[in-house]
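Trainee: I'd like to ask you about the structure that follows.
The values are calculated or read from the model by the stated rules, or taken from the named source; none is laboratory data. All values derive from a computational prediction rather than experimental measurement. FYI the Cβ positions are ideal-geometry reconstructions off the backbone, even for glycines, and counts take in every protein chain you see.
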Amino acid sequence: MEDQLSISINKLQHAGIPVTDITRSAAFYSRFGFKNVMQSPFTFDGETGTCIMMQLKDIIIELYQMPAKQLEEIKSRKNGHVDHIAFDVDDVDAVFKTLKADGTIKILENAPVFLPFWKNGCKYFNIQGPDGEVLEFNEIIK
């Protein structure tokens with residue numbers, strides 16, 4: 001095993017998600033309570049893209065839409081995306097019920113799944129965002 005690096009990491013700072021329609025993705029995440037706290041253009045290969053930081057409490061998601069030339073690459077990419085982002089919730093069953101009743105969100109499991117992690121286990125389920133990103137809702141059972 002290699003020596004541990006002498007650096008200090010405090011917590012997850014943010015997760016970056018490449019999107020194909022920044023307006024649609026910002027609207028999707030705002031339904032969960034995320035707010036657009038920063039927005040800025042950026043230059044890539046001489047063209048302009050858009051970046052939005054969406055925040056809910058201490059969770060930050062960076063949504064970024066590449067300039068038009070790079071959008072086709074993002075749409076066809078099979079790797080390099082974040083596999084999933086997990087949100088901690090107090091009652092995963094209630095969240096599941098709410099999202100199922102909404103009817104517009106693609107839920108990937110038929111019901112919350114139990115795993116024997118942590119002291120008493122956890123329950124989770126996943127949904128799919130507008131660009132195929134996977135969002136996990138996870139309750140650590142107390």
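For (1) buried (at least 18 other Cβ atoms within 10 Å of the Cβ); (2) outside the structural domain of Val95 (by TED's automatic domain parsing); (3) of a type in the set (A, V, I, L, M, F, W, C), each residue gets a yes or a no:
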site: His14; (1), (2), (3): no, yes, no
site: Ile17; (1), (2), (3): yes, yes, yes
site: Thr20; (1), (2), (3): no, yes, no
site: Ser25; (1), (2), (3): yes, yes, no
site: Phe28; (1), (2), (3): yes, yes, yes
site: Phe34; (1), (2), (3): yes, yes, yes
site: Val37; (1), (2), (3): no, yes, yes
site: Thr50; (1), (2), (3): no, yes, no
site: Ile59; (1), (2), (3): no, yes, yes
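Trainee: Restricting to region 123-142, and then to whatever is over 13 Å from Tyr29 (Cα atoms) and among the β-branched types (Val, Ile, Thr), can you tell me which residue is surrounded by the most Cβ atoms within 10 Å (Cβ to Cβ)?
Mentor: Among residues in region 123-142 that are over 13 Å from Tyr29 (Cα atoms) and among the β-branched types (Val, Ile, Thr), the one surrounded by the most Cβ atoms within 10 Å (Cβ to Cβ) is Ile140.
Trainee: Any residue at all in region 59-78 that's assigned to a loop (DSSP other than H, G, I, E, B), in contact (Cβ under 8 Å) with a residue 40 or more places away in the chain and not polar (S, T, N, Q)?
Mentor: yes
Trainee: Run Met66 past the list (1) of a type in the set (A, V, I, L, M, F, W, C); (2) farther than 23 Å from Lys142 by Cβ; (3) at pLDDT 90 or above; (4) in contact with a Gly (Cβ under 6 Å, 6 or more places away or on another chain) and report the number of the one that doesn't hold.
Mentor: Here Met66 clears every test but (3).
Trainee: Give all pairs with beta carbons closer than 6 Å in which a residue from region 40-53 that is touching a residue at least 24 places away in the same chain (Cβ under 8 Å) meets a residue that is of a type in the set (Val, Ile, Thr); count only pairs at least 6 apart in sequence or on separate chains.
Mentor: So the pair list comes out as Thr50/Ile22; Met53/Val37; Met53/Ile60.
Trainee: Another question about this same structure. If the requirement is being over 28 Å from Pro18 (Cα atoms) and polar (S, T, N, Q), which of these qualifies: Asn126, Asn120?
Mentor: It is Asn120.
Trainee: Another one. Which of the residues spanning region 94-141 are touching a Pro at 6+ places or on another chain (Cβ under 6 Å) and not in a strand (DSSP E or B)? Before you say what the answer is, go through the steps one by one.
Mentor: Filtering region 94-141 down to residues touching a Pro at 6+ places or on another chain (Cβ under 6 Å) leaves 96, 123, 125.
Within region 94-141, just Phe96 meets the criteria.
So that you can scan it fast, the table gives a plain yes or no per residue for (1) more than 18 Å from Leu56 (Cα to Cα); (2) not in a helix (DSSP H, G or I):
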{"residue": "Ser6", "(1), (2)": "yes, yes"}
{"residue": "Gln13", "(1), (2)": "no, yes"}
{"residue": "Ile17", "(1), (2)": "no, yes"}
{"residue": "Thr20", "(1), (2)": "yes, yes"}
{"residue": "Ala26", "(1), (2)": "no, no"}
{"residue": "Gly33", "(1), (2)": "no, yes"}
{"residue": "Ser40", "(1), (2)": "yes, yes"}
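Trainee: Which one is nearest to Ser40 (Cα to Cα), of the residues in region 4-25 that are of a type in the set (Ser, Thr, Tyr) and either touching a Cys at 6+ places or on another chain (Cβ under 8 Å) or at pLDDT below 90 (or both)?
Mentor: That would be Thr20.
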